[in-house]
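Working notes, beginning with the structure itself.
Bear in mind these aren't lab numbers, they're just calculated from the coordinates by the rules spelled out. Small disclaimer: the values here were computed from a predicted structure and weren't measured. Heads up, the Cβs are rebuilt from the backbone with ideal geometry, glycines too, and the neighbour counts pull from every protein chain shown.
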Amino acid sequence: MQKRMNILHIMADQLTAFGLRSYGNPVCKTPNIDALIARGTLFENAYSNFPICAPARTAMLSGQLSTRVGVYDNACEFAPSVPTLPYYMSALGYHTCLAGKMHFVGPDQMHGYQERLTTDIYPSDFGWTPNWKLAIPVGPMGLNLRSVVESGVCRRSLQLDYDDDVGHKSVQRLYDYGRDPDSRPFFFTVSFTHPHNPYVTTQEYWDRYRDDEIDDPHVGPIPTAQMDPHSKRLHSIYRYDEYDVQREDVLRARHAYYGMISYVDDQVGKLLGALRDMDMEDNTVVIFTADHGDMLGERGLWYKWNLFEWSMRIPMIVAVPGQEARRVATPVSLLDLLPTCVDIGRDAEHPMTMVSPVEGASLLPDATGTGQLPADRPVYGETTADGTTSPCLMVRKGPWKMIHCPLDPPQLFRLDQDPQETRNLAGQADSAVAEQELLALVNQNWNVAQLTRDVIRSSEQRIFIQNTRLQRNYASWDYEPRKDPSKQYVRSGSNVSATLVKGRARYPFVPAKTPDRKI
């Protein structure tokens, strides 16, 4: 029987699709990602389901919008009772492993991964809970634009230290997978924190781009009087009035961001190289994506926290061994990753029945050319985090996109004619049918009043618990990776031979029988 395919799932953090050449960026240099696209499927309209880290990853791993499972912001516990993608893959007989960032909050820091190679980079407690009792909720850490005005070249950063460690351990784990006689396929998530702000990179990556190559935002800062209310709230919580952001700051921050993307691309190259070195390239599906995007100065906005395209659009690449390269225009989202991987992993001998709701659909037929998702399937996004006291909700269906928040006037865009979302068509007669259809989808998909009550209750409870934990000596929830030295290298007789190398021999290695010798 042919062995089922491995899955190498590579994630970047805060990588907007519009930062990549294959999505129309004329500047960024990513030869390794481009090579992956050249042998895979590029989903042209892929969306995050929540424009910040923890909820976006919750949606990806659970196959449900994060508010469905009680994750409303970057400081919400992801309940251990929620079946996740790693659990499903484990049930299918896969070995599941995580290296790098996943921003799990709460005592469960594995969520179905059998092995975790590194600690996380962000807190696992409730310290970043936004206070929904404030007029404009914001977490206690506060937000600002220092990352923009202090962008540029650095010698080292904590993010480089972290991602260097993630990359090194991940390459080594691929080597170990290649030498392992275990017949199980693997599901391996490698999650980098680049190109998340702060916008700094080393001289090596800075020098890959000339200053005159860096592009200006497509849409410049919008005057306050013309801003939508949510953008005004973001300006308030980011304290825009404290910073005088000039064009040179914008270009410098974008320059560093492109350098950070090239750093991620180098890491992708190392991982793909390890697959080739261990003869696993022809039996491993490679998926590359991100949790959400980055505004990068578009509309005068930075980071994420909003439902505009630069914040919500992400790369989605699925490369199946032997497939023809293709591009798919149908809108998809992170919710589709769970059913896609399950579809890859199951067969007649390994069926799978879902035990929890799954809101996505498998991308495998589109990737392999054996099927096609409906072109007008709706995809959904949401935010209940900093900057709003009512859920902000998004629906994309066909060329139309609606942003709905009970606090604010509706926003409706036709993206095929207005990709930069500069013309709000809500309330116009010519778009009334589309507006009514998308509003009906919003009302079908969310109970806004109940969701608002749930967020407020959750916020109050978590702030109480966090304050209590800080005043007492509670055990940390942070993950501490452990390595058993007795199982490394040639220790304790755990390896058959010191000559377990990848070369001409094929594995698993079976020593040849030798005739008995009489002494």
With a Förster distance of 25 angstrom and the Cβ-Cβ distance between residue 79 and residue 134, calculated FRET efficiency to the nearest 0.05 equals 0.45
Work out, step by step, the length gained on full extension between residue 119 and residue 158: first 0.36 nm times the residue separation, then minus their alpha carbon distance; give nm to one decimal. 12.7 nm
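Per-residue ellipticity at 222 nm for the chain, helices alone: DSSP H runs ≥ 4 residues times -39500 (n - 2.57), over residue total, nearest 500 deg cm²/dmol?
Helix contribution divided over all residues of the chain: -9000 deg cm²/dmol.
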Return the whole-Å distance between the Cα centroid of the range 312-373 and the Cα centroid of the range 26-100. 12 Å
Taking r as the C-beta separation of residue 486 and residue 279 and R0 as 25 Å, the FRET efficiency to the nearest 0.05 is 0.35
What angle do you read, to the nearest 10 degrees and between 0 and 90, between the alpha-carbon axis of helix 53-62 and the longest principal axis of the chain? 60 degrees
For the range 213-239 and the range 273-298, what is the separation of their C-alpha centers, rounded to whole Å? 31 Å
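Give, in nm to one decimal, the length gained when the segment between residue 244 and residue 329 is fully stretched (0.36 nm per residue of separation minus the Cα-Cα distance). Kindly include the intermediate steps, with their values, before the conclusion.
Values: separation 85, 0.36 × 85 = 30.60 nm, distance 3.92 nm.
Taking 0.36 nm per residue and subtracting the Cα distance, the gain is 26.7 nm.
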The simple spin-label model distance between residue 430 and residue 266, using points 7 Å out along Cα→Cβ, in nm, is 4.9 nm
For residue 3 and residue 447, calculate 0.36 nm times their separation in residues minus their Cα-Cα distance, and state this gained length in nm to one decimal. 155.4 nm
Amide H of residue 328: which non-local residues (sequence gap of 5 or more, or other chain) have their own amide H closer than 5 Å, using H built in the peptide plane? 42, 43, 44
FRET efficiency for residue 422 and residue 347 from the Cβ-Cβ distance with R0 = 51 Å, rounded to 0.05, comes out at 0.60
What angle do you read, to the nearest 10 degrees and between 0 and 90, between the alpha-carbon axis of helix 158-179 and the longest principal axis of the chain? 40 degrees
Filtering trypsin sites (Lys or Arg not before Pro) in the range 249-310 by DSSP loop and by at most 10 other Cβ atoms within 10 Å leaves none
List the Cys residues of the chain that have no partner Cys with a C-beta closer than 4.7 Å. 28, 53, 76, 97, 154, 341
Between 0 and 90 degrees, rounded to the nearest ten: what's the tilt of helix 247-277 against the longest Cα principal axis of the chain? 20 degrees
Whole-Hz ³J(HN,Hα) from phi, Karplus 6.51 cos²θ - 1.76 cosθ + 1.60, for the range 446-456, glycine and proline x: 9, 9, 4, 5, 5, 4, 4, 4, 5, 5, 4
